[in-house]
Amino acid sequence: MNINNIVESVINRASVFKNRSVLDRSYVPERLPHRDRQLALLAELFKPTVTSPGSISITALLVGDIGVGKTVTAYVFGRELVKVAEKKGIELRYIHVNCHSARTLYGVVQSIAAALSLSIPFRGLSPREMMLIVLNHMKKHNLHALITLDEFNYFVQVAGNDAVYFLIRLYDEYPEAEKRLHYILITRSLEVLGSLDPATESYITKHIIKFDPYKTEELFDILKQRRDLAFYENTVDDEILKYIAETEGYDKGGRGNARAAIEILLRAGIIADYEGSPYIKIEHVRKAIGEIREELLVDISDNLQFLQLHELMVLKAIIRKLRSSGEGYIKIGEAEEEYSYLCNILKIKPRKHTQVYEYIRNLKNMGIINAKISGKGFRGRTTLISIPVPLDPLEKRVDELIDKRLVEKEVNTI
Ligand SMILES: Nc1ncnc2c1ncn2[C@@H]1O[C@H](COP(=O)(O)OP(=O)(O)OP(=O)(O)O)[C@@H](O)[C@H]1O
Ligand SMILES: [Mg+2]
C-alpha cells in the first residue's frame, strides 16, 4: 500500500465512535448522574444570589479526591444558576479560574477581568487597583459573578494568606458595598488550608460540600451516559461498562475516579478501531487499562518470578480460558479444568483441588489476578477470576518462566 492509500483507508475505516468529543476531558454533560445532592446543596447555598442579589457574598468549598466530579459539578451548577438568574432579569456571570495556571493574586484578578471582557491596560497596576476597576465595572453594568477557583490549594500555597483574605473576604473591608462576587473553591484536601490564619480558614470551611469517590454502580451510570452519546449502537455492551466500572469502583478497591473510567472507555474504543473490530471487546479494555496504568503490567511481571511451576501453570490456564471465552471473568472451576488439561499436555501430575485453590488465593494476594464472588445471574455461588492487564504479553512472560522452571526440574532430577 502506498502512503496515500494507508491514510485514506485508515480515515475511511468504519469506527465504533459516533461522537468521540463526548469523551473529551472538557466535555460538560447535560446531566450529572449521582451528583444531585451536591447540586441541590449548592443551589440552597447560593439561592440569595438570585432571590436577593447584592445582599450577601457566598463562598462554598468543594472537597474530594481525584476525578470525583468537583470541576464538572461547578461548571454544571454555574451554567444552571446563570439560566435561573437570566429568567429573573439578573445578569450573573459564571467564571471558572484554574489556580494551577493562575496561582498568584495578579493572575486570578486578571483572569476575572478577562472573563468580563475588560480591556483596561492593567500594566503597572497592583492587583488591588485592578480589582477596584473590576468592581466598578460590575457596578456600572449591574453585573454579578460566581467565580470558581479550581485547584484552590495552589493559590493558597503560592499566593498565601493575605491574597486569600483579600479575594474572598473583600467585603469585610467594604461592608456597605453591594455583594456582587461569590466563590466556589475547589480542593482535593483540606490540608493546605491549615496554613491560613484561623479566621480565614474557618470562613472558607463554613460551607463544605463533600464529593465521595464513586462506587461501581455509580460509575456504571456515568459510563452509560457517555456510551450512549459517544458510540454507535451495539458497539459497547453493558458488560464492557460493568467491567470498567469495577476496575475503578471504590467499593471494589479502586479509586472511584470517573476520569480514569471514561479514559479507559475512550482508549478501548480507539484500540477497537485500530484493530478493525466492529465492537469493543474485553481484551481491548484490558489493553486500555494496561496503557493507562503501565505500572500495573510492570508490577505484575515483576511478581511472576516468585511463582513456582504449578502456580504459573494455573495462571497460564486462567489466561487461556479468559482469552477463549472473550469474557471479563471466568469461573474458578473453568480455570482448574484448563489447568488439568495443560498438565496433561506437559505430562506432569496436576496438584489437588485444595492446592489449586490455594495457588489462586496466592495469585490474588500478589495482585496478579482479581477474584470476586459471583452475584446474581450465576447458579450457586462461585469465585470469578479476571486479569487486569493485556493477556498476550503476560502469557509470553509466563511461558518463559514455565520453560525455565521445567529446565530447573530436569536438572534437579539428573
Ligand atoms: N456525575 C458525573 N456524571 C458525568 N460525568 C462525570 C461525573 N463525575 C465526573 N464526571 C466526569 O469525570 C471526569 C472527571 O471529573 P472532574 O474533572 O469534575 O473531577 P475532579 O473532581 O475535578 O478531579 P480533580 O481533582 O482531578 O480535578 C470529567 O470528565 C467529568 O465530566
Ligand atoms: Mg478538577
Helix-only [θ] at 222 nm, the chain, -39500 (n - 2.57) per DSSP H run of 4+, per residue, nearest 500, equals -17500 deg cm²/dmol
Give, rounded to the nearest 20 debye, the magnitude of the charge dipole that the stretch 215-292 has about its Cα centre when Lys and Arg contribute +1 at Cβ and Asp and Glu contribute -1 at Cβ. 240
Would you kindly work out the equivalent ellipsoid of the stretch 35-211 from its C-alpha gyration tensor and give its semi-axes, the square roots of five times the eigenvalues, largest first in whole Å? 22, 21, 15
By how many degrees, 0 to 90 and rounded to 10, does the Cα axis of helix 258-274 deviate from the longest principal axis of the chain? 50
Placed amide H near E91: partners under 5 Å, 5+ positions off or other chain: H144
Just to confirm a number: summing +1 for Lys and Arg and -1 for Asp and Glu over residues other than V164 whose beta-carbon lies under 11 angstrom from that of V164, what do you get? -2
Less than 13 Å Cβ to Cβ from I209, Lys/Arg counted +1 and Asp/Glu -1: what total charge do the surrounding residues give? +2
Between R79 and E129, the FRET efficiency computed from the C-beta separation at R0 = 30 Å comes out, to the nearest 0.05, as 0.45
Under a point spin-label approximation (7 Å from Cα along Cα-to-Cβ), what is the E91-E30 distance to one decimal in nm? 3.0
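Throughout, read-outs are computed from the coordinates displayed, never taken from laboratory work. None of these values were measured; they are calculated from a predicted model. Glycine also receives a Cβ, built like all others from the backbone with ideal geometry; neighbour counts cover every protein chain displayed.
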